[in-house]
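Report on the structure given below.
The values are calculated or read from the model by the stated rules, or taken from the named source; none is laboratory data. On a predicted model such as this, the values are computed, not experimentally measured, just so you know. Positions of Cβ are generated from backbone atoms using ideal geometry, with glycine treated the same way; all protein chains shown enter the neighbour counts. To get the accessible areas, we keep the full protein, side chains included, count just its heavy atoms, and leave off ligands, DNA and RNA. Shrake-Rupley method; radii C 1.70, N 1.55, O 1.52, S 1.80 Å.
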Amino acid sequence: MTGSTIEQLREQVRGQVVAADDDAYEDARRVYNAMIDRHPRVVVRCANAGDVIACVNFARDNGLDLAIRGGGHSVPGFGTCDDGVVIDLAGMRGIRVDPANRTGRAEGGATWGDLNAAAYAFGLATTGGIISTTGVAGLTLGGGIGYLDRGFGLSCDNLVSADVVTADGRFLAASESENADLFWALRGGSGNFGVVTSLEFALHPVRDIYGGPMFFELSEVGNVLRFFREYIADAPEQMGAFPAFQIAPPLPFIPEDRHGDTFIAMVACWAGPVEEGERALKPFHEVAPVVAEFVGPMPYPALNSAFDALVPPGLQHYWKANFVNELTDGIIAAHEEHGPKVPVVNSTVHIYPINGACHRVSADATAFAYRDANFATVIAGMWPDPAQNEANTAWVRDYYAATAPLSEEGGYINFMAGDDQDRVKANYRGNYDRLVEVKRTYDPGNLFHVNQNIMP
């Protein structure tokens, strides 16, 4: 190597530098998706932005692959690499809320649980994901779909500014008024342009919501999905709701004799006045008999973390996804065929609505291009037993093969699998060429290529 050594790197950073012969190595190299088994040369548990700069310089100068791990939920395993450098931001999880200006700043390793808890104290929130252990940075850089997006837009639409370490080791601020081209690309362009060490968001008055999951019999799949198609088109924008295929876990609100049965579920989040919640959810109760539900007023962070236990670290993961302009009868028929075959309690299929405020942002205003799509579908294969890898991966692929011809060509970057690299251009539509230009400006050598890569 022509650059510095690992020992020299240890002298430059405050965080922990973990090499292959260190006791902490096996733990440091482990990632969320247990299918991914890679052996980086060094993992640096960064303590601050200065550590990040040192790591970027070390990887670049030594010609090593560089992987960035924020919250660590990357299904394709982009938070690690073989014989390269891993920047682990998990130690950088600070949050600062400014209630007067309704903004919140999260460090690059923070999770949505971290941000939600801090903002809730002030009766505030912004669009996050569905699982609270998901990283703030990773979700936002890919767009950011969540319960509140119909009312407030995607996570990236609420991004006010970001601090970024670029490939040349510079520390830059990106916003509408500073490095605006980089700021544009960060909002949907994923980790292609640098290491984001902090993100500032607009926050909104959301404290307690009314909602939760409702379970319907599989015989009602067609009725539920056709109802949802019509209902969500012009539903109040305070309503975030999505249908899902779900095997019933052994929870107290589900009849014991139905534990392990598969249902079509509806998960609702009414973020308007809580006292209006029961009325707001009435249409869901009228579409079909409800077998079981856990619905009522609750803190927004409670709903955002309600399904965390179903997706602990260490599962096997394989996902596929598409954007959908309409839930046609053909797509609904495909869901009726493949959704009930969901293999284990951890696996699921979600159909997220992305209309409302998401549609009021033009397709070229951010890197996230599918502003006319009404739904983002994810077929999320997640299971604990490696012996089931082939069978469960086949379920995802067969489901995807049935729905893809009836969907848009592109899908949500955050749901893409490791074998979806050939879809990157389609995922960005008309924004792709502009993203390439921004990539050439900030990362001409493609140092940040362990991702759904936009090649310079």
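Matching residues to (1) in contact with a Lys or Arg (Cβ under 9 Å, 6 or more places away or on another chain); (2) of a type in the set (D, E, K, R):
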site: Gln16; (1), (2): yes, no
site: Asp21; (1), (2): no, yes
site: His39; (1), (2): yes, no
site: Val43; (1), (2): yes, no
site: Phe58; (1), (2): no, no
site: Cys81; (1), (2): yes, no
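Name the pairs: first residue in the stretch 64-83 and closer than 17 Å to Leu447 by Cα, second residue open to solvent by 40 Å² or more (accessible area, probe 1.4 Å) and part of a strand (DSSP E or B), Cβ to Cβ under 7 Å, at least 6 apart or on different chains?
Gly79/Ile68
Report, by residue number, each residue of the stretch 401-441 that is open to solvent by 20 Å² or more (accessible area, probe 1.4 Å) and farther than 21 Å from Ile379 by Cβ.
Lys425, Arg429, Gly430, Tyr432, Asp433, Arg434, Glu437, Arg440, Thr441
Mind checking which residues of the stretch 367-387 are in a strand (DSSP E or B) and either open to solvent by less than 10 Å² (accessible area, probe 1.4 Å) or of a type in the set (A, V, I, L, M, F, W, C) (or both)? Working first, answer last.
Filtering the stretch 367-387 for residues in a strand (DSSP E or B) gives 375-383.
Result: Phe375, Ala376, Val378, Ile379, Ala380, Gly381, Met382, Trp383.
Are there any pairs, at least 6 apart or on different chains, whose C-beta atoms fall under 8 Å, with the first in the stretch 300-320 and farther than 26 Å from Asp419 by Cβ and touching a residue at least 60 places away in the same chain (Cβ under 8 Å) and the second open to solvent by 40 Å² or more (accessible area, probe 1.4 Å) and in a helix (DSSP H, G or I), and if so, which?
Tyr300/Tyr120; Pro301/Ala117; Pro301/Tyr120
Working carefully through the options Asn392, Asn451, find the one that is under 23 Å from Cys81 (Cβ atoms) and in contact with a Gly (Cβ under 6 Å, 6 or more places away or on another chain).
Details: Asn392 fails: under 23 Å from Cys81 (Cβ atoms).
After applying the criteria, what remains is Asn451.
Among the candidates Phe215, Phe253, Phe227, single out the residue that is touching a residue at least 40 places away in the same chain (Cβ under 8 Å), open to solvent by less than 50 Å² (accessible area, probe 1.4 Å) and either touching a helix residue (DSSP H, G or I) at 6+ places or on another chain (Cβ under 7 Å) or not in a strand (DSSP E or B) (or both). Give the derivation first.
Details: Phe215 fails: either touching a helix residue (DSSP H, G or I) at 6+ places or on another chain (Cβ under 7 Å) or not in a strand (DSSP E or B) (or both); Phe253 fails: open to solvent by less than 50 Å² (accessible area, probe 1.4 Å).
Among Phe215, Phe253, Phe227, only Phe227 is touching a residue at least 40 places away in the same chain (Cβ under 8 Å), open to solvent by less than 50 Å² (accessible area, probe 1.4 Å) and either touching a helix residue (DSSP H, G or I) at 6+ places or on another chain (Cβ under 7 Å) or not in a strand (DSSP E or B) (or both).
Pick out the one residue from Ala302, Ala334, Ala357, Ala309 that is among the small types (Gly, Ala, Ser) and under 17 Å from Ala394 (Cβ atoms). Give the steps one after another, and end with the answer.
On the way: Ala302 fails: under 17 Å from Ala394 (Cβ atoms); Ala357 fails: under 17 Å from Ala394 (Cβ atoms); Ala309 fails: under 17 Å from Ala394 (Cβ atoms).
The conditions single out Ala334.
I'm trying to understand the selection: among the residues of the stretch 69-89, which are open to solvent by 30 Å² or more (accessible area, probe 1.4 Å) and over 22 Å from Lys320 (Cα atoms)?
The answer is Asp82, Asp83.
How many residues, within the stretch 418-456, are under 29 Å from Gly169 (Cα atoms) and in a loop (DSSP other than H, G, I, E, B)? Steps first, please.
The first filter runs over the stretch 418-456 and keeps only residues under 29 Å from Gly169 (Cα atoms), leaving 418, 421, 424-425, 427-428, 431-456.
Filter again for in a loop (DSSP other than H, G, I, E, B), leaving 418, 443-456.
The number of residues fulfilling the criteria is 15.
Filter the stretch 192-212 for residues that are open to solvent by 10 Å² or more (accessible area, probe 1.4 Å) and touching a Phe, Trp or Tyr at 6+ places or on another chain (Cβ under 6 Å); which is nearest to Ala288 (Cα to Cα)?
Tyr210
Residues of the stretch 43-68 being over 13 Å from Ala167 (Cα atoms) and buried (at least 24 other Cβ atoms within 10 Å of the Cβ), which ones?
Hits for the stretch 43-68 are Val43, Val44, Cys46, Asp51.
With the condition being closer than 18 Å to Leu435 by Cα, I'd like the helices (runs of 4 or more DSSP H) fully within the stretch 98-200 carrying at least 1 qualifying residues. Spell out the reasoning first.
Numbers: elements: 112-120, 136-141, 149-152, 180-186.
Answer list for the stretch 98-200: 136-141, 180-186.
Specify which of the listed residues (Ile332, Ile351) is at pLDDT 95 or above and in contact with a Ser or Thr (Cβ under 7 Å, 6 or more places away or on another chain).
Numbers: Ile332 fails: in contact with a Ser or Thr (Cβ under 7 Å, 6 or more places away or on another chain).
Matching residue, one of Ile332, Ile351: Ile351.
Provide a single number: the residues in the stretch 105-127 that are within 13 Å of Pro299 (Cβ to Cβ) and in contact with a helix residue (DSSP H, G or I) (Cβ under 8 Å, 6 or more places away or on another chain).
5
So which of Val56, Val52, Val43, Val31 is under 21 Å from Gly135 (Cα atoms) and in contact with a helix residue (DSSP H, G or I) (Cβ under 9 Å, 6 or more places away or on another chain)?
On the way: Val56 fails: in contact with a helix residue (DSSP H, G or I) (Cβ under 9 Å, 6 or more places away or on another chain); Val52 fails: in contact with a helix residue (DSSP H, G or I) (Cβ under 9 Å, 6 or more places away or on another chain); Val31 fails: in contact with a helix residue (DSSP H, G or I) (Cβ under 9 Å, 6 or more places away or on another chain).
Checking each option against the conditions leaves just Val43.
Just wondering, is there one or more residues in the stretch 103-118 that are open to solvent by less than 10 Å² (accessible area, probe 1.4 Å), touching a residue at least 12 places away in the same chain (Cβ under 8 Å) and more than 21 Å from Leu154 (Cα to Cα)?
Within the stretch 103-118, not a single residue is open to solvent by less than 10 Å² (accessible area, probe 1.4 Å), touching a residue at least 12 places away in the same chain (Cβ under 8 Å) and more than 21 Å from Leu154 (Cα to Cα).
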